[in-house]
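Shown next, in structure tokens, is the structure this report addresses.
Only the coordinates and a few stated rules stand behind these numbers; no lab work does. These figures come from a predicted structure and were not determined experimentally. Heads up, the Cβs are rebuilt from the backbone with ideal geometry, glycines too, and the neighbour counts pull from every protein chain shown.
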Amino acid sequence: MTFSGAERAALAIAIAALLMQALPVGDALEFRRSLLGAEPWRAITAHIVHVNWAHALINAAALVVVARLFAPDLGAQRQLLTLVAAAASISIGLALVYPGIAWYRGLSGVLHGLFFAGAAIWLMKARPRDWRRLWLPAALFFGGWIKVAFEQPGGARTPYAEWLGAGTVPQAHLIGAISGTLLGLLFAALDARAEQQRREQ
């Protein structure tokens, strides 16, 4: 089996997340609102540490699957840009929009960013524009948004998940989804412009 650059990058990040879980570094790297000013790296590192092994394994596996699914339209550079942009957006969004959320850990928010970037660009670029080409990217994109909308709690609540043994932060999924959707639309527009320029030459 051969791996694209995007898949190799995803595997490296997934392995790094699992290594972080094996080391006692979560407290030093997680998002903590009260420490962001003095320790700004937490805005990025929070997304590679997890609450427990189940959390880390599920997110690591999901990253590899999502990266592989969207690799045809999102190469390694675009996937890395999406992940970093989503991480920064989530941390800034939690700090500014949800002041009641004091901490956060995990890849799930940036995974939403990657998923929606891939689904948006696939939906915009699918040709021909008929149901046979559009139904799957449309189902992924709009189904994903329905999932994100329905999981949102009121205000800054963080619902408790029994399987995780901790509170979840669906607000991070929402911010990641917004970030990813916008980036996916931007990538699709850039690709359409490049294709038009090639046709005009």
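For the reader, a short list of remarks on this structure follows.
- Applying 0.36 nm per residue to the separation of Leu182 and Thr2 and subtracting their alpha-carbon distance, the gain on full extension is 61.8 nm.
- Computed from Cα positions, the angle between helix 170-200 and the longest principal axis of the chain comes to roughly 20 degrees.
- Once backbone amide H atoms are built at 1.01 Å from N, Tyr104 has Phe31 as its partners under 5 Å, excluding neighbours fewer than 5 places away on the same chain.
- Cα-based radius of gyration of segment 5-200 once divided by 2.2 N^0.38 Å, which approximates compact folds: 1.05
- Orientation-averaged projected area, Cα convex hull of segment 130-176 (nm²): 4.3
- Tilt relative to the chain, helix 131-150 - C-alpha long axis, 0 to 90 degrees, to 10: 20
- Listed peptides 72-78, 186-192 by packing density, highest first (mean Cβ within 10 Å): 72-78, 186-192
- Inter-centroid distance (Cα atoms) of segment 118-164 relative to segment 38-104, Å: 17
- q = 0.32 Å⁻¹: log10 I(q)/I(0) that the Debye formula gives for segment 69-113, counting C-alpha atoms only: -1.17
- Remark on segment 56-171: Rg and Dmax equal 15.5, 47 Å (Cα only).
- Most tightly packed first, judged by the mean number of other beta-carbon atoms within 10 Å of their residues, the peptides 176-185, 46-55 read 176-185, 46-55.
- For the chain, adding -39500 (n - 2.57) for each run of n ≥ 4 DSSP H residues and dividing by the number of residues yields -22500 deg cm²/dmol at 222 nm.
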